[in-house]
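Enquirer: Please read through the structure below; I'll follow up with questions.
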Amino acid sequence: MLPSDVGEGPDPRLVRDVQRSGSHASAESEAVPGVEARYRPPGDLPVELSSLVGREREISAVKNLLHDHRLLTLVGPGGQGKTRLALAAASGLSEDFEDGVWWVGLASLSDPDLVPQVVAQALQVREQPGIPLTEVLVRSLLEERLLLVLDNCEHLAGACARFARTMLSSCPGVRILATSREVLGADGEMNWRVPPLPVPNESGLSSVEEMGGHAAVALFVERARARLPGFTLTGENALAVAEVCRKLDGLPLAIELAAARVPMLSLGEISERLEKPLKFLGGASRRGEARHRTLRATLDWSHEMLSQEERSLFRRLSLFAGGFDLEAAESVGAGDGIEPEMVLDPLSGLVDKSLVVAEDGGEVLRYRMLEPVRQYALEHLEESGEATTARDRHASLFMALAERSHPEMRGPGQVGWILRLGRENDNLRGAMSWALSSGDSVTAARLGSALWPFWWYRGQHREGRNLMEAALEGELEPPLRIRATVAAAIMTYGQADNDGVMRYMDTLQGLSRQAGGDAYADGYAHAGLGLVAMNLGDFDEARAQLQEALPLLVESGEVWTASQAHTWIGTVALLEGDNERAMTRFEEGMALAREIGDRTGMYNALYALASMSLAGGDYPAAKGRFEEAMALSEEMGDRANAAYCLEGLAAVAASQEHPERAARLFGAAEKLLESIGVPVWTSYKPDRAFYEQTIENVRSGLGPDAFEDARQMGRAMTPEHAIAYALEEERARPSPPAGLSEREAEVLALAAEGLTNAQIAQRLYISPRTVNRHMGSVYKKLGLGSRAAAARFASEHGLV
């Protein structure tokens, strides 16, 4: 638990939250001289490893529709290629949205209330205590121009419609592209049904070239060639390929599954095997669209061709949401004659048959099922009678992973573990959901007690609190109940619910008394009471409670929290005006955090120490500490703390008479805080007046126009660009000739290169009107009347 950054109380710049997730970061831009970078729009679109075939017309149509409609839903049955089409269209629009194209996969999400949570995580916008997450997103995206892609909305249609309505009515620069098996029903929604791929007619009169021009045939040929490199479309096989594509109604997923059988069967055999299941399903069920029944027929056909081992593994692997590795597949997929070491062979068979996709996951290969395939496999799992056993194995696997991660997340390996848990977040949610729905409160409590540091780092306070409160409703042994209560209390603190925290602290103290004294419970109870007292301005009570907590935390092995407690106690001393005692505590917290390798404790203490150095005029020390704290914050993905360090470095630059650099860094910090939903601190913060006065001094020194230009350059930087710029040493540059300002010289140089005013404005992230003003000033100062003459001057004076 860390001090809240809303409401009255201590300065959170001196006591950083353990997690404020990063802003939606883009790649580099060219906005600031001296930092070599190439601009590309930000975003996080998945990378497809195979090509999209035969959808050029549809891609163009989707892009055109998105120009005219702010909410476009691609509608169609499972396997129609909605996701692939959305990805291709969105990729082609990345240059049109200066704040990026952002992908949000919803297939594995079951709780409609978590739609804003998942969107916020994709955009890396952190929760704000006491503020509804949708409102935080609105504030963050209010001035953004971006495209949000919501994939697989059908099971959350109502929640997605409400979310879209709120975002589009409040954020004029946001557009949404959704994929769904049904319309969302939102106001202003444009629905576009994704058609099947065109197939040849039955006349058989087309030439081989004309046959290959049909998208369905081209897709079959490309995917078959991936399985059998020598496969080509010929006069002998073209009719058979066309027949298969017609039987599959041009459904992309079905075609890909059929093409995967080319190495094992002839085209005639493939066509023949498609006949019976298609006819059976067409007569057995009249519900739903024919193409949807065709997909089921194709999946049934693929399933019938699996060996018994492959079938068993296929249905068990359906429990993995968001993917899995081989070790996980061996753990959950084993059983009924399949030993863990035997899983690889049937898994390889499923990959070969396109029922499981293998992807490069970095250190290890990861696997996943396409969502329609996973849903199909889940049905077979439920019908098999082994669903409960398999779900228990899945939950046990991820409970063990969570418990293994708990100490690792608070030591030197924390970055890698947070990334790993991030990859498995959907599986962890699934395990928790199963534990709660099956009445297994013990597993749920163990999962949450282990995962709370991850939830904190990721800003999942609301979700974590709800889960832990549900787990606490069950029967738990006292030691586990204590740990689950601590997890619930920490999530409650993250929501700035001081009253809720106080209730949990009373519960912890009661549980400790029942146990005859428990250092873990008492340590966290005193820490929580101390933090609440600090938030309420009762510094005597805060100091007493935190000092009592410290030895108890050490005794119970909670060294991670103990290092934070030193910083909290130092903050109380600082708020009371005792700088010497504050410095001592910050250094003690820093030393303890370094000892255990905890980056969070280190950058919390480093920021506090840097702020004190800045206030004391020791600028080299302040700069070094801000830089180190910023680097550690970046490693942990804590973009908010990185932004605060940028602001600190801006103040250092101002103090060392680099006003333009200071203005850029202030602008970068301001934009970064806005983008992740963290407000610039209000006036009650102890050091706010110092920063506001520094900004005014810089504005006065540069002049309003030059200050605003530099500030806007900083606001245009990506987080990576801003951090690189902040870490770059300020180099003395020769003064521009003829009394030109640095910005006027920069504009003149670009004009001399042949750029138009609009292009210069885009390059420098300023308005064309501002470019016009600068060029007018250049002409006046140089006594010139044409762009060509100004360009010659730039060349003669080494500006280009």
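Enquirer: Condition test on Arg193, is it under 31 Å from the mean Cα position of the chain (by Cα), modelled with pLDDT of 95 or more and closer than 19 Å to Leu66 by Cα?
Expert: no
Enquirer: Of all residues in region 467-494, which are within 19 Å of Gly528 (Cα to Cα) and open to solvent by 40 Å² or more (accessible area, probe 1.4 Å)?
Expert: Within region 467-494, Glu469, Pro479, Arg481, Arg483 meet the criteria.
Enquirer: Quick check on my filter: what residues within region 568-584 are farther than 12 Å from Ala527 by Cβ and touching a residue at least 12 places away in the same chain (Cβ under 8 Å)?
Expert: Matches in region 568-584: Gly570, Thr571, Val572, Ala573, Leu574, Leu575, Glu576, Asn579, Ala582, Met583, Thr584.
Enquirer: I would also like to ask the following. Does region 159-174 include one or more residues that are charged (D, E, K, R), within 23 Å of the chain's Cα centre (by Cα) and not in a loop (DSSP other than H, G, I, E, B)?
Expert: For region 159-174, residues charged (D, E, K, R), within 23 Å of the chain's Cα centre (by Cα) and not in a loop (DSSP other than H, G, I, E, B): present.
Enquirer: Of everything in region 627-665, what is among the basic types (Lys, Arg) and closer than 15 Å to Glu728 by Cα? Give them in sequence order.
Expert: Arg661, Arg664, listed by residue number.
Enquirer: Taking the options Arg261, Arg193, name whichever one is open to solvent by 60 Å² or more (accessible area, probe 1.4 Å) and either over 25 Å from Leu74 (Cβ atoms) or not acidic (Asp, Glu) (or both).
Expert: Arg193
Enquirer: If I filter region 595-613 down to residues being touching a residue at least 60 places away in the same chain (Cβ under 8 Å) and part of a helix (DSSP H, G or I), which single residue comes out as farthest from Glu657 (Cα to Cα)?
Expert: The residue in question is Ile596.
A quick yes/no check of all residues on (1) under 28 Å from Thr770 (Cα atoms); (2) modelled with pLDDT under 90:
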residue	(1), (2)
Ala668	yes, no
Lys671	yes, yes
Val678	no, yes
Trp681	no, yes
Tyr684	no, yes
Ala689	no, yes
Glu692	yes, yes
Val698	yes, no
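Enquirer: Then there is this: Of all residues in region 209-257, how many are closer than 22 Å to Arg57 by Cα, assigned to a helix (DSSP H, G or I) and of a type outside the set (Lys, Arg)?
Expert: 19
Enquirer: Only one of these is within 21 Å of His406 (Cα to Cα), open to solvent by less than 10 Å² (accessible area, probe 1.4 Å) and of a type in the set (Val, Ile, Thr): Thr567, Thr571, Thr561. Name it.
Expert: Thr561
Enquirer: Hey, another quick one. Would you mind stating whether Val415 is under 21 Å from the mean Cα position of the chain (by Cα) and surrounded by fewer than 21 Cβ atoms within 10 Å (Cβ to Cβ)?
Expert: yes
Enquirer: Here's another thing I want to ask about it. Checking Ala395 against (1) buried (at least 24 other Cβ atoms within 10 Å of the Cβ); (2) closer than 22 Å to Ala525 by Cβ; (3) of a type in the set (Gly, Ala, Ser), which test does it fail?
Expert: So Ala395 meets the others, but not (2).
Enquirer: For region 440-541, list the helices (runs of 4 or more DSSP H) that sit wholly inside it and hold at least 1 residues that are touching a strand residue (DSSP E or B) at 6+ places or on another chain (Cβ under 8 Å); which are they?
Expert: The qualifying helices (runs of 4 or more DSSP H) are 441-458.
Enquirer: Go through (1) open to solvent by less than 60 Å² (accessible area, probe 1.4 Å); (2) modelled with pLDDT under 85 one by one and return the number of the condition Ala751 breaks.
Expert: Here Ala751 clears every test but (2).
Enquirer: If you take the residues of region 65-100 that are assigned to a strand (DSSP E or B) and under 22 Å from Leu299 (Cβ atoms), which of them is farthest from the chain's Cα centre (by Cα)?
Expert: The qualifying residue farthest from the chain's Cα centre (by Cα) is Val75.
Enquirer: Considering only residues of region 52-107 that are over 26 Å from Phe220 (Cβ atoms) and of a type in the set (Asp, Glu), which is least open to solvent (accessible area, probe 1.4 Å)?
Expert: Asp99
Enquirer: Taking the options Leu397, Leu378, Leu350, Leu401, name whichever one is assigned to a helix (DSSP H, G or I), farther than 18 Å from Asp325 by Cα and of a type in the set (A, V, I, L, M).
Expert: So the residue among Leu397, Leu378, Leu350, Leu401 that is assigned to a helix (DSSP H, G or I), farther than 18 Å from Asp325 by Cα and of a type in the set (A, V, I, L, M) is Leu378.
Enquirer: Is there any pair with a first residue in region 689-706 that is open to solvent by 50 Å² or more (accessible area, probe 1.4 Å) and part of a helix (DSSP H, G or I) and a second that is at pLDDT 90 or above and among the aromatic types (Phe, Trp, Tyr) whose Cβ atoms are under 9 Å apart and which are 6 or more apart or on different chains, and what are they?
Expert: Arg699/Phe707; Ser700/Phe707; Gly701/Phe707
Enquirer: Let me ask something additional. Between a residue in region 527-551 that is among the basic types (Lys, Arg) and any residue that is in a helix (DSSP H, G or I), which pairs come within a Cβ distance under 9 Å, given they are 6 or more apart or on different chains?
Expert: From region 527-551, the pairs are Arg543/Gly530; Arg543/Ala533; Arg543/Met534; Arg543/Ile569; Arg543/Val572; Arg543/Ala573.
Enquirer: What is the residue count in region 113-147 for residues that are surrounded by 21 or more Cβ atoms within 10 Å (Cβ to Cβ) and either at positive phi or of a type in the set (Gly, Ala, Ser) (or both)?
Expert: Total satisfying the criteria: 3.
Enquirer: Hey, can you tell me all the residues within region 605-655 that are in contact with an Asp or Glu (Cβ under 8 Å, 6 or more places away or on another chain) and either surrounded by fewer than 21 Cβ atoms within 10 Å (Cβ to Cβ) or of a type in the set (S, T, N, Q) (or both)?
Expert: Correct list: Ser611, Ala615, Asn641.
Each row is one residue, and each column tells you yes or no for (1) out of contact with any Cys (no Cβ under 6 Å at 6 or more places or on another chain); (2) free of Cβ contacts under 8 Å to residues at least 40 places away in the same chain; (3) of a type outside the set (S, T, N, Q).
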position: Ala387; (1), (2), (3): yes, yes, yes
position: Arg391; (1), (2), (3): yes, no, yes
position: His394; (1), (2), (3): yes, no, yes
position: Phe398; (1), (2), (3): yes, no, yes
position: Ser405; (1), (2), (3): yes, no, no
position: Arg410; (1), (2), (3): yes, no, yes
position: Leu419; (1), (2), (3): yes, yes, yes
position: Arg423; (1), (2), (3): yes, no, yes
position: Asp426; (1), (2), (3): yes, no, yes
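Enquirer: What's the number of the condition Ser735 fails, among (1) among the hydroxyl-bearing types (Ser, Thr, Tyr); (2) outside any helix (DSSP H, G or I); (3) touching a Gly at 6+ places or on another chain (Cβ under 9 Å)?
Expert: (3)
Enquirer: Using beta carbons and a limit of 8 Å, which pairs, at least six apart or on different chains, have the first residue in region 176-195 and over 18 Å from Pro372 (Cβ atoms) and the second one open to solvent by less than 40 Å² (accessible area, probe 1.4 Å) and acidic (Asp, Glu)?
Expert: Correct list of pairs: Val183/Glu189.
Enquirer: Select from region 203-246 the residues that are more than 15 Å from Val53 (Cβ to Cβ), touching a residue at least 40 places away in the same chain (Cβ under 8 Å) and surrounded by 21 or more Cβ atoms within 10 Å (Cβ to Cβ) and list them in ascending order.
Expert: Listed by number, the list holds a single entry, Ala242.
Enquirer: Is it the case that Ala525 is of a type outside the set (Asp, Glu), under 15 Å from Thr561 (Cα atoms) and under 34 Å from the mean Cα position of the chain (by Cα)?
Expert: When the stated conditions are applied, Ala525 passes them.
The values are calculated or read from the model by the stated rules, or taken from the named source; none is laboratory data. Since this is a predicted model, take the numbers as computed values, not measurements. Backbone-built Cβ (ideal geometry, glycine too); neighbour counts: all protein chains shown. Just the protein is used for accessible areas: all its heavy atoms, side chains included, with ligands, DNA and RNA removed. Shrake-Rupley method; radii C 1.70, N 1.55, O 1.52, S 1.80 Å.
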